[in-house]
Amino acid sequence: MAPPIALVDCNNFYASCERVFQPALRGKPVVVLSNNDGCVIARSNEAKALGIDMGEPWHICRKRVDTGGVIVRSSNYTLYGDLSARVMQILAGFTPDLEIYSIDEAFLGFAGFEDRLVPHARELRRTVLQWTGIPVSVGIAPTKTLAKVANRRAKKDPACAGVFVLQNEAAIDAELSAIELTDLWGVARRLAARLRDLGIANPLMLKRTDPRFLRERFNVVLERLVLELRGIPCMVLEDTPPQRKSIMVSRSFSRMLDTRHELKEAVATFAARAAEKLRSQKLAAGRMIVFLHTNRFRPQDAQYDGVQPVTLPVATADTGRLLAAAEHGLAALYRPGFRYKKAGVILLDLAAAEAVQRELFDAADSPASRARMRAVDALNRRFGRDTVCYAASGVRRAWKLRMGYLSPRYTTSWEELLRV
Amino acid sequence: MQGYTSRKGIGGRPRGEPTAVLRLPLPVANLARRLREGTLRAGDINAFLDVEAAGEGSVPLIDGTAACGFPSPADDYLDSPLDFNELLIRNPAATFAVRLSSDSMTGAGLFPGDIAVVDRSVTPTAGCIVLALLDGEFTVKRYRPRGNGLVLEAENASFPDIEISAERAFEVWGVITKSIRML
């Protein structure tokens, strides 16, 4: 067997974060809504039990199920991000090989812990819960795909108390015969249907299918999935996160926008925010994409979906230059007579800001520009977002996100500390 | 209309000292002129600062490898500056800050408005001050195990001690390790 890999997954992470500082939410159905209070993106177990679906638009959900007792929260990414960083910091103390997979999941190499996998995982779980208040589940297996399977069981089966190990053939086979194809990592409903047509009805049968046949019939991804089910690792632990290839900032508006002026303000705000993210990673962008679209869920409205790439004369991290590019992009995109629901800015061709080549006619960001950006970022870090901003971003921002149910930023703002 | 060159001290060559014609940025030239006229203003010095730096670099604060001169005698004794995080936070991943709003612990030096540092990784021991959850409400009290039970002590005569009976929902949220008061 390959050395064990643990998948640590925070249970109902966003809902759990809300509960850390608001114990009154314990034992009650809690849902967290996406940006702009649109869709359900996290549910406590009690909310799942009510039949509230993941990704369901909240206004539809409210009509469908009795949501009288449900506690609703807007997504408080500041809080979730801080608690996630704490969890990951704790996990790093339990392994030399940590791969942070998402805001609430991480893979841990457990080579060397073979003889005490369960006690080690229990200690990890206890520590994360005590230190942060966040409950986690741990699934351990020889490959990432099987660790995901083990984690699912750890989470669903109360007898596991949050830890489940799949380290021998018999246990793996038993588990694979008890779950659905769509419970596997990367198997969606369509693929599952195609597999069933071939007589492959469950993950155990998939495991026993010839991987070469699957590569010919489907693709190498499915072949690798089968090898992973057989305990042969095809996805290695990635300790160092790959460099970002793009930075995107986009939002739905609280109401539909139709004036060029308001859209300009919104796009400028997104571009400025993207520029800030860019600088925090010491990168410069060579290309930008501006996009906007109308509300796709209102077929009765006229629809427009526009994407405009803008090549920058020279890679830059200067908000002023990026704002100019964004304005240029929007000018090419904007069509009057539509009601826009969402817009965004994507920065591409990212390179280290230090290594930017100057072009024949356009100088790279000057030291003065860099100093200005450093000052802007430092002020906004110290005194709060948008303490200083470009006028293009506007001040009223009437289109801004609806966040009607936002909890305080308990861990990142002195003004919003828990009061006891 | 008055001709500019005929005005004294503007266009003509000053008498006495030798002169040279120079090209200067206007702000610097104006500065020189006002210096001569004795009408220099405090802000004029900015003319010299108004030039974009050609490059930037960082200079180490203290470097003992200077090729000449006597090395700083302080080099061997360099310490990092005082770090308040180090003083207040033992375990960053488990440490939270809360704002106190009750005066039940004034006897222990905890006043409303203070910021308490809460360490969730510390196991409560007899006599420590805890942030506890009692029947779903947060409370700050001194932690006193008594036999099989537990008493939460207030440190203000107008607040009673609370005996924790088995049927009450109780847990320690974290141990208060420091308190910060802005004066």
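The values are calculated or read from the model by the stated rules, or taken from the named source; none is laboratory data. As the structure is a computational prediction, the values presented were derived from the model and not from experiment. Ideal geometry is used to build each Cβ from the backbone, glycine not excepted, and the neighbour counts take in all protein chains shown.
Considering only the stretch A:145-166, state which residues are closer than 22 Å to A:G186 by Cβ and surrounded by fewer than 20 Cβ atoms within 10 Å (Cβ to Cβ).
A:K156 - this is the single residue of the stretch A:145-166 that is closer than 22 Å to A:G186 by Cβ and surrounded by fewer than 20 Cβ atoms within 10 Å (Cβ to Cβ).
Rundown of residues vs (1) within 12 Å of another protein chain (Cβ to nearest Cβ); (2) within 18 Å of B:I176 (Cβ to Cβ); (3) not in a loop (DSSP other than H, G, I, E, B); (4) not hydrophobic (A, V, I, L, M, F, W, C), yes/no style:
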| position | (1), (2), (3), (4) |
| --- | --- |
| B:D76 | no, no, yes, yes |
| B:L82 | no, no, no, no |
| B:F96 | yes, yes, yes, no |
| B:S101 | yes, yes, no, yes |
| B:G107 | no, yes, yes, yes |
| B:L110 | yes, yes, no, no |
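If I ask for residues that are within 18 Å of A:T132 (Cα to Cα) and at pLDDT below 90, which ones from the stretch B:134-183 would you list?
Hit for the stretch B:134-183 is B:G136, nothing else.
Being over 27 Å from A:K341 (Cα atoms) and not in a strand (DSSP E or B): is that true of A:G51 here?
Working: over 27 Å from A:K341 (Cα atoms): yes; not in a strand (DSSP E or B): yes.
The answer is yes for A:G51.
In the list A:R62, A:R43, A:R73, A:R86, which residue meets the criterion of being out of contact with any His (no Cβ under 8 Å at 6 or more places or on another chain) and either surrounded by fewer than 21 Cβ atoms within 10 Å (Cβ to Cβ) or over 26 Å from A:V8 (Cα atoms) (or both)? Break it down stepwise before answering.
On the way: A:R43 fails: either surrounded by fewer than 21 Cβ atoms within 10 Å (Cβ to Cβ) or over 26 Å from A:V8 (Cα atoms) (or both); A:R73 fails: either surrounded by fewer than 21 Cβ atoms within 10 Å (Cβ to Cβ) or over 26 Å from A:V8 (Cα atoms) (or both); A:R86 fails: either surrounded by fewer than 21 Cβ atoms within 10 Å (Cβ to Cβ) or over 26 Å from A:V8 (Cα atoms) (or both).
Only one candidate qualifies: A:R62.
Of these, B:E137, B:E153, B:E171, B:E86, which one is out of contact with any Ser or Thr (no Cβ under 7 Å at 6 or more places or on another chain), over 30 Å from A:R86 (Cα atoms) and acidic (D, E)?
Numbers: B:E137 fails: over 30 Å from A:R86 (Cα atoms); B:E171 fails: over 30 Å from A:R86 (Cα atoms); B:E86 fails: over 30 Å from A:R86 (Cα atoms).
When all the criteria are applied, what remains is B:E153.
Only one of A:L176, A:L198, A:L146 is touching a residue at least 60 places away in the same chain (Cβ under 8 Å) and under 22 Å from A:F213 (Cβ atoms). Can you tell me which? Reasoning before the result, please.
Details: A:L176 fails: touching a residue at least 60 places away in the same chain (Cβ under 8 Å); A:L198 fails: touching a residue at least 60 places away in the same chain (Cβ under 8 Å).
Result of the check over A:L176, A:L198, A:L146: A:L146.
Would you tally the residues in the stretch B:135-162 being in a strand (DSSP E or B) and crowded, with 17+ Cβ neighbours inside 10 Å? Can you show your working first?
Of all residues in the stretch B:135-162, those in a strand (DSSP E or B) come to B:137-146, B:149-153, B:162.
In the following step, the residues that additionally are crowded, with 17+ Cβ neighbours inside 10 Å were identified as B:138-143, B:150, B:152-153, B:162.
Number of matching residues: 10.
Any idea which of (1) within 14 Å of chain B (Cβ to nearest Cβ); (2) part of a loop (DSSP other than H, G, I, E, B); (3) among the charged types (D, E, K, R); (4) without any contact (Cβ under 8 Å) to a residue 24 or more places away in the chain is the one A:E415 doesn't satisfy?
(2)
Got at least one residue in the stretch A:116-123 being surrounded by fewer than 20 Cβ atoms within 10 Å (Cβ to Cβ) and under 20 Å from A:S16 (Cα atoms)? Write out each step before concluding.
Filtering the stretch A:116-123 down to residues surrounded by fewer than 20 Cβ atoms within 10 Å (Cβ to Cβ) leaves A:116-119, A:122-123.
Subset that is under 20 Å from A:S16 (Cα atoms): A:122-123.
Yes - at least one qualifying residue is present in the stretch A:116-123.
Can you find a residue that is touching a residue at least 60 places away in the same chain (Cβ under 8 Å), hydrophobic (A, V, I, L, M, F, W, C) and on the phi < 0 side of the Ramachandran plot anywhere in the stretch A:301-309?
First, pick out the residues of the stretch A:301-309 that are touching a residue at least 60 places away in the same chain (Cβ under 8 Å): none.
No, there is no match, as no residue in the stretch A:301-309 is touching a residue at least 60 places away in the same chain (Cβ under 8 Å), hydrophobic (A, V, I, L, M, F, W, C) and on the phi < 0 side of the Ramachandran plot.
Residues checked against (1) modelled with pLDDT of 95 or more; (2) under 30 Å from the mean Cα position of the chain (by Cα):
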| site | (1), (2) |
| --- | --- |
| A:V165 | yes, yes |
| A:N168 | no, no |
| A:L176 | yes, yes |
| A:W185 | no, yes |
| A:A188 | no, yes |
| A:D197 | no, no |
| A:A201 | no, no |
| A:F213 | no, no |
| A:E216 | no, no |
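Would it be correct to say that A:A271 is part of a helix (DSSP H, G or I), touching a strand residue (DSSP E or B) at 6+ places or on another chain (Cβ under 9 Å) and small (G, A, S)? So that I can check it myself, show each step before the final result.
Details: part of a helix (DSSP H, G or I): yes; touching a strand residue (DSSP E or B) at 6+ places or on another chain (Cβ under 9 Å): yes; small (G, A, S): yes.
Yes: the conditions hold for A:A271.
May I ask you to list the residues in the stretch A:186-208 that are assigned to a loop (DSSP other than H, G, I, E, B) and surrounded by fewer than 16 Cβ atoms within 10 Å (Cβ to Cβ)?
Step one: list which residues in the stretch A:186-208 are assigned to a loop (DSSP other than H, G, I, E, B), which gives A:186-188, A:198-202, A:208.
Matches in the stretch A:186-208: A:G186, A:A188, A:L198, A:G199, A:A201, A:R208.
I need the helices (runs of 4 or more DSSP H) fully contained in the stretch A:76-159, keeping only those with at least 2 residues that are within 14 Å of another protein chain (Cβ to nearest Cβ) and not polar (S, T, N, Q).
Details: elements: A:77-91, A:117-132, A:144-156.
Passing ranges, in order: A:77-91, A:117-132.
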